[in-house]
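Have a look at the structure below, then the notes.
Nothing in this text is a laboratory measurement; each read-out follows from the coordinates by a stated rule. Since we're looking at a predicted model, the values are computed, not measured. Counting neighbours? That spans all protein chains shown, and the Cβs are built from the backbone with ideal geometry, glycine included.
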Amino acid sequence: MKDPTSGQHGWSDRLPPERSWKPRPGTSRALRSAEQDRAAGGRHRRVVVLGDDKRATGSIALRVYRRTRRIRAYLRWSEQGRTRERYVGEVDCTTRAANLKQAWTMARAAGLIRDEVLPVDSKASSTAVRAVMTANKSRDTKPERLLRSVLHRQGFRYRVNARPLPDLRRTADLVFFKARVAVFVDGCYWHGCPEHYRPATKRSEWWRAKIQRNQARDADTDSRLCEEGWTVIRIWEHEAADVAAAKVIGALNG
């Protein structure tokens, strides 16, 4: 094998190690998609142009060829219900993450992919921001599902995405009606997390006003629920599920 400090790796006497090309066993489809996003620089950078204004989201497949002991990368996408692919080139890094990143760079240089084009009527300042906005879910987010799973395993039952007060058009992510506890799982960007929120550099005033309106609405919701005898628990999406569950359980047992 070549000197690993050279930045170029070959495997002349053995097959490439599995960690350089093979996904971890049991990796879910969602995690594999997130892996591709990281390697490409975001989902908005995985666009395959099909013609006639059609497009698809591509992914990179890594394969080892035993005869040559090389790792080959292929760009794959779905078109009219069929999986298509195109050879990108050989990659030679020692980790799968690095090889995926190298392959995406090669695919971009070859003109096989491009960035998503920002619609003229979009309020986002860039395709990266629009990707975040598009991926944002109003319900059943991963942090919510993890929190629900921890609480359910411990025997707690709750309503999901319900109004604590029927006459107030505010929906909580988890509602314990008997205990009068409402739980909100807040996204770090959209609710202005003090640890992770970073102000936008483009259209900064518009985005600042947007986040401030969200925060004002949150405060108003908390105030109205407290006036009606409810306990409000707010969880940031970055908080670990077991830590968040402990907060909820503390309120339920309080």
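First check a/c for segment 136-253, with a ≥ b ≥ c the square roots of the eigenvalues of its C-alpha gyration tensor; if it is under 1.5, answer rounded, and if not, answer prolate when a/b is larger than b/c or oblate otherwise. Display every interim value, and only then the final one.
Values: a/c = 2.25, a/b = 1.45, b/c = 1.55.
Verdict is oblate for segment 136-253.
Is it possible to state the helix-based mean residue ellipticity at 222 nm for the chain, with each DSSP H run of 4+ residues giving -39500 (n - 2.57), the sum divided by total residues, to the nearest 500 deg cm²/dmol? What is it?
Values: 6 runs with 84 residues, N = 254.
Estimated from H runs of four or more residues: -10500 deg cm²/dmol.
Name the residue, out of Lys101, Lys54, Lys142, whose mean-square fluctuation peaks in a Gaussian network model built on the chain with Cα pairs under 10 Å.
Result: Lys54 has the largest fluctuation of those listed.
Among Pro25, Pro164, Pro199, determine the one that fluctuates most according to a GNM of the chain built with springs between C-alpha atoms less than 10 Å apart.
Result: Pro25 has the largest fluctuation of those listed.
To make sure I understand, if each residue's beta carbon is the centre and we count other beta carbons within 10 Å, what order do Trp206, Trp190 fall in, fewest to most? Each step should come with its number before you reach the end.
Values: Trp206 11, Trp190 17.
Lowest count first: Trp206, Trp190.
Could you work out the relative contact order of segment 136-253, using alpha carbon pairs under 8 angstrom and six or more residues apart, expressed as a whole percent? Mind showing how you got there, number by number?
On the way: 134 pairs, mean separation 32.3, N = 118.
Contact order relative to length: 27 percent.
Could you give the distance between the Cα centres of segment 215-254 and segment 65-90, to the whole Å?
When both Cα centres are located, 48 Å separates them.
Sorted from fewest to most neighbouring beta carbons within 10 Å, what does the list Glu35, Glu228 look like? Walk me through the intermediate numbers first.
Working: Glu35 18, Glu228 10.
Ascending number of Cβ neighbours within 10 Å: Glu228, Glu35.
Roughly how far apart, in whole Å, are the Cα centres of segment 23-56 and segment 149-199?
Segment 23-56 and segment 149-199 have Cα centres spaced 30 Å from each other.
Would you look at the GNM of the chain, springs on alpha carbons closer than 10 Å, and say which of Ala30, Ala216, Ala162 moves the most?
Top of the fluctuation ranking is Ala30.
Quick one: 3J(HN,Hα) in Hz for segment 172-187, Karplus 6.51/-1.76/1.60 with θ = phi - 60°, rounded, Gly and Pro as x.
With the stated coefficients, segment 172-187 comes to 9, 6, 9, 10, 10, 5, 5, 7, 6, 10, 10, 10, 10, 9, 9, x Hz.
Per residue, how big is the convex hull around the C-alpha atoms of segment 4-109? Give it to me in cubic angstrom, could you?
Working: hull volume 12.5 nm³, N = 106.
That works out to 118 Å³ per residue.
Any idea how many Lys pairs in segment 136-253 come in under 28 angstrom at the alpha carbon, given 8 or more places apart or on separate chains?
Taking the Cα cut-off of 28 Å, the pair count is 9.
If I take every Cα pair under 8 Å that is 6 or more residues apart in segment 154-222, average their sequence separation and divide by the length, what percent do I get for the relative contact order?
Details: 68 pairs, mean separation 12.9, N = 69.
RCO, segment 154-222: 19 percent.
Percent relative contact order of the chain, based on C-alpha pairs within less than 8 angstrom and at least six residues apart? Can you show the working numbers first?
Values: 343 pairs, mean separation 33.6, N = 254.
Relative contact order, the chain: 13 percent.
Among all cysteines in the chain, which have no other cysteine Cβ under 4.7 Å from their own Cβ?
Cys93, Cys226
Show log10 I(q)/I(0) for the chain at q = 0.08, 0.13, 0.16, 0.18 Å⁻¹, two decimals, from a solvent-free Debye sum over equal Cα scatterers.
-0.48, -0.97, -1.15, -1.28
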